[in-house]
1. Fewest Cβ neighbours within 10 Å first, please rank Ser40, Ser112 accordingly.
2. Under a point spin-label approximation (7 Å from Cα along Cα-to-Cβ), what is the Phe123-Val190 distance to one decimal in nm?
3. Can you give the FRET efficiency for Asp96 and Ala66, using 1/(1 + (r/R0)^6), R0 = 30 Å, r = Cβ-Cβ distance, to the nearest 0.05?
4. What distance in nm separates the two pseudo spin-label positions at Arg159 and Glu216, each 7 Å out from Cα along the beta-carbon direction?
5. Which of Asp174, Asp52, Asp84 comes first, and how do the rest follow, when ranked by fewest Cβ neighbours within 10 Å?
6. For a quick check of your reading of the filter: which trypsin sites (Lys or Arg not before Pro) in the range 81-159 sit in a DSSP loop and have no more than 14 other Cβ atoms within 10 Å?
7. So for the pair Asp209, Asp52, with labels modelled 7 Å out along Cα→Cβ, what separation do we get in nm?
8. Using 0.36 nm per residue of separation minus the Cα-Cα distance, give me the extension gain between Glu83 and Asp42 in nm, one decimal.
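Every read-out reported here was derived from the displayed coordinates using simple, explicitly stated rules and does not represent laboratory data. None of these values were measured; they are calculated from a predicted model. Quick reminder, even Gly has a Cβ in these numbers, built from the backbone with ideal geometry, and neighbours come from all protein chains shown.
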Amino acid sequence: MNYTSKHAGSRSPAARRPPVPRTRTPCHSDRMPADPWFVSDDPETELELGPDERVFTAALRERATAWPVRTVPPAVSWVAKPEDDTLLVACVGLGDGPNGWPPLVGLHLTGSTLRGDHLDEHFYWLPEPRTPLALDATGTPRELAALAADWFERVLRMRVVRQEWYHRGRRYADRCLFADHADGPFGRYVDGLAPPECRGGAGVPGRPDRVVVLREAQDRHPGPAARLGDPEPGGPFSSY
């Protein structure tokens, strides 16, 4: 089994648009609530899984049920298959929107290769360049499921904030960042709402006008886990 954390990557084929997952049921026990983690986005998804994908998905779900609810806050999650049937996607939404995203983070499983990072909320694309959250690994389905579960658990424990920029009372740009990282690709930018000096790809000026805390940080994972990478400055905004 090989593991690396790196920031180089490429977009993957488009997948079905993410569904509207259920929010998780609150629970007062030490383990996760009854609603399962990583349910299929569509009943047909389970029928489309190959043998290795079934092993990976079952092992990931099994490990996720052992996450302690006191230090792994609830979130929406699901698995999906792209329309060209080349990979399996496992996702977690960490935002405050009606669907729990953005931001959306997740993993691509292709054969014996696993790649994780922020995901595009419409097509499940991995970002270019990769971010400090990036995970790249190779191994057996069970080995990759163990790495995936550890990666998701670490991400779920992180603090997540949304930076927002306003002009004349209207928000023209925002992006979601993880607490330890100064970089994040989940920016949105509306050129027509931006101040004149920021239009035409000039970018946003300086500090955000508002910062919203989406998730508070939880206790650090006590055991060893793969390094998620070092903070990097900057972070692109994309038009919408």
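1. By the 10 Å Cβ count, ascending: Ser112, Ser40.
2. Modelled inter-label distance: 2.3 nm.
3. That gives a FRET efficiency of 0.65.
4. Going from the Arg159 label point to the Glu216 one covers 1.1 nm.
5. Asp84, Asp52, Asp174
6. Answer in residue order: Arg159.
7. 5.0 nm
8. Result: 13.5 nm gained on full extension.
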